[in-house]
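Read the figures in this text as sums done on the coordinates, not as results from a lab. Keep in mind it's a predicted model, so treat the numbers as computed, not measured. Using ideal geometry, Cβ is built from the backbone for each residue, glycine included, and neighbour counts are taken over all protein chains shown.
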Amino acid sequence: MSGMFSGCSSLKELNLNNFNTNNVTNMNGMFSGCSSLKELNLNNFNTNNVTDMYYMIGGCSSLKELNLNNFNTNNVTDMCYMFGGCSSLKELNINNFNTNNVTDMSWMLYEFFIIKRIKF
């Protein structure tokens with residue numbers, strides 16, 4: 001799913017409730033540059049096999065809140081710039097993130113100037 005919706009700068013909403021992500025390993029840049037996206041519900045995503053989340057949501061500058069509490073990040077090694085450029089994000093729930101295998105988290109929260117609450 002690398003780059004699947006990348007650069008869809010006019011996309012305002014997206015319903016991914018029926019996506020089957022059971023075998024996905026790469027979500028690199030999946031939503032990168034979706035600057036008009038106001039809501040993103042990834043509650044049904046199965047991330048058990050994902051290893052690459054580099055720049056996955058980067059550049060989604062209209063997102064105000066994001067709940068990734070359901071994400072299993074046990075196998076993820078790259079989270080570099082994952083939320084970079086999400087300058088409107090005020091609430092981020094990454095409460096269940098396991099970063100034990102992550103080797104690159106550089107710039108993961110880059111441009112988080114106005115975040116009000118992050119749940120780790």
ask   = Which of the chymotrypsin sites (Phe, Trp or Tyr not before Pro) across segment 1-67 are loop residues per DSSP, with 15 or fewer other Cβ within 10 Å?
value = F19
query = [x] 29, 28, 20; [y] 75, 44, 31; [z] 43, 28, 26: which one is Cα extents along the principal axes in Å as calculated from this entry?
reply = [x]
request  = Would you calculate the separation in nanometres between label points at S88 and N22, each defined as 7 Å from the Cα along the Cα-to-beta-carbon direction?
outcome  = 3.6 nm
³J(HN,Hα), Karplus 6.51/-1.76/1.60, whole Hz, each residue of segment 39-46, x for Gly, Pro = 9, 9, 9, 10, 4, 8, 6, 9
query = Under unit Cβ charges (Lys, Arg +1; Asp, Glu -1), what dipole magnitude, rounded to 20 debye, does the chain have relative to its Cα centre?
reply = 340 debye
Cross-link reach list, aspartates and glutamates versus K38, counting only Cα pairs under 15 Å and skipping chain neighbours closer than eight places = E13, E65, E91
key: Potential extension, D104-S2 segment - 0.36 nm per residue separation minus Cα distance   = 35.0 nm
